[in-house]
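Quick note: the coordinates plus some simple rules give every number you see, no bench work behind them. Because the structure is predicted, anything quoted here is derived from the model rather than measured. Glycine also receives a Cβ, built like all others from the backbone with ideal geometry; neighbour counts cover every protein chain displayed.
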């Protein structure tokens with residue numbers, strides 16, 4: 001009986017709902033209900049490249065240099081979302097020049113925030 005109801009729900013679903021159901025069936029999460037679970041999520045090289053707006057070769061170089069963490073699942077390499085988020089947040093910069101820019105930007109932001117709170121311009 002439950003299978004018939006599920007099939008009826010799929011048949012009458014809107015196109016957006018069908019896409020959401022397809023993502024669930026493929027094992028992709030559509031909403032983040034628990035932050036810890038999303039941090040432990042693994043994505044493919046192609047998915048990481050899309051998330052970072054980079055090419056696959058660049059993602060492979062980031063892996064080789066240790067800037068993105070991977071997990072090997074029976075010969076299939078996956079990247080952790082935690083390392084992608086850290087890379088985006090500047091905790092794993094792409095190179096030394098980027099590291100310097102990120103540090104300088106954080107210093108300027110911290111200094112600007114401190115001066116704006118005191119009412120004195122930098």
Give me the one-decimal nm value for the distance between modelled label points at residue 110 and residue 12, 7 Å along each residue's Cα-to-Cβ direction.
5.8 nm
Label-point separation, residue 58 to residue 103 (7 Å along Cα→Cβ), nm
2.3 nm
Given 0.36 nm per residue, what is the gain on full extension from residue 85 to residue 22 after removing their alpha carbon distance, in nm?
20.1 nm
